[in-house]
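I have placed the structure first, in the form of structure tokens, so that the comments after it can refer back to it.
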Amino acid sequence: MNKKTIVFATANAHKVGEVRALLSAADSRLAEKYEILSLTDIGCTDDIPETSPTFEGNAMQKAEYVKVHYGYDCFADDSGLEVHALGMEPGVRSARYAADEGHDHDSKANTAKLLRNMQKTTDRRAQFRTVIVFLSDSRKEVFEGICKGEITYEPSGSEGFGYDPVFRPQGETRTFAEMPLAEKNLISHRGKAVRLLVDYLIREAE
């Protein structure tokens, strides 16, 4: 049986690892039906535009770019951290939060800026949000996952990536960076959105 190739429009190895782990754990039929490739796997090194002010818009831009230029069915995500005390910033600017300080896509600089901006507030409420857009020749599907929690006062843990060392999910005493990947995936924003995608792919495989 020939597998159907689907591209995950990212070159971020952490994201690819998380999604592949979720897909393989969700249903054995997916491994038989689908092959999930990254941008690196298809030789795409293009700087894909992400100029939308919304998560869904950015995910759509990336998915459409791969579909138009490479022809694959594709899904793309855009994720970010939304902090109540900062007016839901950094939001879509999460990966580039410290760009104005000369640090583009620098997780440590982003986290340091976040903690500086929150020095004078005790309102630590925050949430991670992921939006996934799936595009095929005939369908567009949108899936969203949210994980609520709070921002800690200092980083803790060495797992994960991005803001994980300063984000403590609701009901937890540990940050995302203190949790094993499999455990994080059970409650994370990306885990929730990917499980909705997986449910969709399972239905399509039937």
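The values are calculated or read from the model by the stated rules, or taken from the named source; none is laboratory data. These figures come from a predicted structure and were not determined experimentally. Positions of Cβ are backbone-derived with ideal geometry, glycine not excepted, and every protein chain shown enters the neighbour counts. Remember, those area values only see protein heavy atoms, side chains included, never the ligands or the DNA or RNA. Shrake-Rupley method; radii C 1.70, N 1.55, O 1.52, S 1.80 Å.
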Additional length obtainable on full extension of the chain from E141 to T122, 0.36 nm per residue less Cα span: 3.0 nm
Calculate I(q)/I(0) for region 62-143 by the Debye formula, one identical point scatterer on each C-alpha and no solvent, and give its log10 at q = 0.11, 0.20 Å⁻¹ to two decimals. -0.41, -0.87
Per residue of region 89-99, what does 6.51 cos²θ - 1.76 cosθ + 1.60 with θ = phi - 60° give for ³J(HN,Hα)? Whole Hz please, x for Gly and Pro, Karplus curve as stated. 7, x, x, 5, 8, 3, 6, 10, 4, 9, 4
Using a 1.4 Å probe and ignoring any ligands, DNA or RNA, find the accessible area of T40 and quote it in Å² to the nearest 10. 90 Å²
Could you work out the local net charge near R125, counting Lys and Arg as +1, Asp and Glu as -1, over the other residues with Cβ closer than 10 Å to its Cβ? -1
Ignoring ligands, DNA and RNA, what percent of the accessible area of the chain is carbon or sulfur (1.4 Å)? 48 percent
For N12, the residues 5 or more places away or on another chain with a placed amide H closer than 5 Å to its own amide H are none
Which value, in Å³ per residue, describes the convex hull spanned by the Cα atoms of region 1-109? 123 Å³
Using a simple charge model, +1 on the beta-carbon of Lys and Arg, -1 on the beta-carbon of Asp and Glu, nothing else, what dipole does the chain show about its Cα centre, in debye to the nearest 20? 380 debye
Region 1-53: trypsin sites (Lys or Arg not before Pro) in DSSP loop, at most 12 other beta carbons within 10 Å: K3
Å² of accessible area per residue within the chain, as computed with a 1.4 Å probe and no ligands counted: 50 Å²
For region 22-176, would you read off the P(r) tail past 20 Å as a percentage of all alpha carbon pairs? 57 percent
What translational D, rounded to a whole number of µm²/s, comes out for region 117-160 from Stokes-Einstein when the hydrodynamic radius is the Kirkwood one over Cα pairs, at 20 °C and 1.002 mPa s? 157 µm²/s
Let me have the 222 nm mean residue ellipticity of the chain computed from DSSP H runs of 4+ only, each contributing -39500 (n - 2.57), with the sum over all residues rounded to the nearest 500. -10500 deg cm²/dmol
Where Lys and Arg each count +1 and Asp and Glu each count -1, what net charge lies around D100 among other residues with Cβ under 15 Å from its Cβ? 0
Long-range lysine pairs (8 or more apart or interchain), the chain, Cα under 15 Å: 11
Rg from C-alpha atoms of region 1-62, normalised by the globular rule of thumb 2.2 N^0.38 Å, equals 1.25
